[in-house]
Every structure is written in C-alpha cells, then in structure tokens.
Amino acid sequence: MNYIEGVKMISIIIPTYKRFDYLKKAIQSVINQNYNNIEIIVINDHSEDETRKIKEVFPQIVYIENVSNKGPGYSRKIGLNYSTGDYIVFLDDDDYYTDYTFFNLAIDHLEHNPECVFVSANADELYVSTGKIKENHLNVFGELSSVEYLRGFVSEYNKPLSTFTTVFRKSSLIESGVLKMNMVNDMSIFLRVLRNGNVFFLKNSVGIYRIHNENISKHIKLDFLIDNLKEKKEVYIYIKSNRLFDQYDLWWVFQIKTTVSYYVYGTIPKLHEMNKLYKWCCENSANKLEIKIMFRNYYNYLIDYRVCTFKRRIKKFLRCS
C-alpha cells in the first residue's frame, strides 16, 4: 500500500460507526483489488467498541478516530483532507466489492481522458434479512457530458446506488468545493463534481450494497434532509446563473420531490416535521403550486399509513384479549 513509482495512487475513504464485521469485509474487498497502489483511510466516528481494533487486523490502513460522533459527511471530509492519492473512492463500511478489476478499469480510463471527472458503475443490492440479491443496471453507459448528466440527473439517468462504485479525480473534488460542503453525501458529491468535466459509466456491477435496518434511509433526521436540499439548491443556483439548460425550475422541483420522497417513504416523519419541511420548500421554490400538490400527496400517504398501522395494532390487541 506504499507509493509505487509510475502508478497513480487511489485513496479509499471509509467512514465507520459500530460495524466491525461489515468493516472488515469492506476493507478486504479493497485489498483484493488487482490494482497495486492503494491507500485505505478508515475514519472511526467515535465507535466505543471493537472497531478500534481494526488496525490490528489490517496494519496497513491509515486509522483516524473522531473525538466525538460527527456523522459520515464530516468523516468523509476528514478522509479527503488526509488522502494522498490522485484518485478518491468514498466507501461506506457496509458495502463491498465483488469485481476486483474495477479500480484498474476506472483509473485506466481517467488516465487517458483528463477531461473526465469520474468513472462509475453500479452495485447489486443484498437484502440482509433474507440473503437475497437484487441485480441493478444503470440506464446510461459510456461517456456523457457533465451538463447532459446534470440535466437528466435522476429524472432521466440513473444515479449509482452509492459512491463506492465511483472513482473520482481528487483535483475535481477539491475544485468543486466538496471540503466546504455541509452535506457530504453521495448525491451531493455527484452534483458538485459535475461542474468540472465529463463522466464515464461502466456497464458492469462491481459490488454489493447492503439493505438492512441500519441504512440511513430509515433514520433520516429533518435537519439532515434540509441540509441536503440546501446543497441541491446551490447546484440549482449554479445551473440557473450559468443557463446550463432550459427548464431549470422544473429540474429544481424534481430534485425536491426526489429528496422529500426518500425521506417520507423511508422515515415516516411526524406531522410537525412535515410542516417545517413544507414551509422550507415553499420559501425556496418559485413554483409553489407544484410544491403544494406534492405535499398534499405526502400528507395523504402518511395519514393512510398511520391509520393502517393503528388498525393493525387494534386487531393484534383484540386477538390477544
């Protein structure tokens, strides 16, 4: 894992919190890659458990521990600051690679295409509770201009499940201001770096994305979500001010819908949280009618969900009586 002359280094940044067994699998899958100049940086987000022993298992890693629990976004920025590689991968501790040629393929393309800011692929989903694997396929392949991918981001072109299937050019991450971001999650990273160059997508799936009860989509906090929307708004302002494409207001409404849907259907927020979110979206969108219609559907869903939940509890109580 040391510097090798003539071979560009890739830094793998792994934020972790209380997932020692998953973390070991993730690190081993990086070591199994057939690329021979890799730096692994593990940022322990103050896990007070056996995670602190990870360097005993893998002495070659760079190990950093936060003095308090700061969240994965903070840890990603710490890892990026410490990294010495020319290329960067953000790997979550519960994901792992199954294609050990991925780094070679990605870096080979980046080395021969200096205008490219990242090379990405997709991952298959592993449902931990059942052990079943769902295959995933991106609907975009090969090279795409940054403006075109940004225009159709999520609406027309799939987003990779996670950043661990993407090798970023470090200079592009820095130039796009990732270290200054408050919200450093996968979608925000993709949107930011798209300011700096073209992108390239591989056809194959290169790893496994675990679906389990601890996934962040099931535990999103409102402040986290609003920070996410604020970062998307920065991109919206950038698109609008530079007139990158028409219908930028519709693009913004769609990004709001994508983010809020993830929150509503994954977390099932409380009414006062939805009211606060609705107010923020209205204040930050020119198309208030679209926002009103959108949230009316969310409110109806949440009411139906809670009514059904209440009925199930009543039935269960009556059976036990």
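The values are calculated or read from the model by the stated rules, or taken from the named source; none is laboratory data. Here the structure is a predicted model, which means the values were calculated and not measured. Here the Cβ positions follow ideal geometry from the backbone for every residue, glycine too, while neighbour counts run over all protein chains shown. Remember, those area values only see protein heavy atoms, side chains included, never the ligands or the DNA or RNA. Shrake-Rupley method; radii C 1.70, N 1.55, O 1.52, S 1.80 Å.
What the table below lists for this structure:
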read-out	value
Residues of the stretch 113-144 that turn out to be under 15 Å from Val193 (Cα atoms) and open to solvent by less than 50 Å² (accessible area, probe 1.4 Å), as a count	6
Condition check for Tyr96: among the hydroxyl-bearing types (Ser, Thr, Tyr) and part of a strand (DSSP E or B)	yes
Residue match in the stretch 154-174 (condition: at pLDDT 95 or above, surrounded by fewer than 18 Cβ atoms within 10 Å (Cβ to Cβ), closer than 25 Å to Tyr82 by Cα and not hydroxyl-bearing (Ser, Thr, Tyr))	yes
Residue satisfying condition, being of a type in the set (Val, Ile, Thr) and more than 28 Å from Asn213 (Cα to Cα), within set Ile107, Ile133	Ile107
Selection within the stretch 268-286 - open to solvent by less than 100 Å² (accessible area, probe 1.4 Å), assigned to a helix (DSSP H, G or I) and farther than 16 Å from Asp227 by Cα	Asn275
Candidates Lys180, Lys203 - the one that is modelled with pLDDT under 95, in contact with a Phe, Trp or Tyr (Cβ under 6 Å, 6 or more places away or on another chain), among the basic types (Lys, Arg) and loosely packed, with under 15 Cβ neighbours inside 10 Å	Lys203
Residue in the stretch 48-69 that is open to solvent by less than 30 Å² (accessible area, probe 1.4 Å), in a strand (DSSP E or B) and not β-branched (Val, Ile, Thr) present	no
Flag for Tyr301 being surrounded by 15 or more Cβ atoms within 10 Å (Cβ to Cβ) and of a type outside the set (D, E, K, R)	no
Answer from Ile88, Ile107 - the residue that is out of contact with any helix residue (DSSP H, G or I) (no Cβ under 8 Å at 6 or more places or on another chain), crowded, with 18+ Cβ neighbours inside 10 Å and touching a residue at least 40 places away in the same chain (Cβ under 8 Å)	Ile107
Residue list for the stretch 132-146, restricted to those being over 15 Å from Glu156 (Cα atoms) and assigned to a strand (DSSP E or B)	Lys132, Ile133, Lys134, Gly142, Glu143
Residue match in the stretch 210-227 (condition: aromatic (Phe, Trp, Tyr) and open to solvent by less than 20 Å² (accessible area, probe 1.4 Å))	no
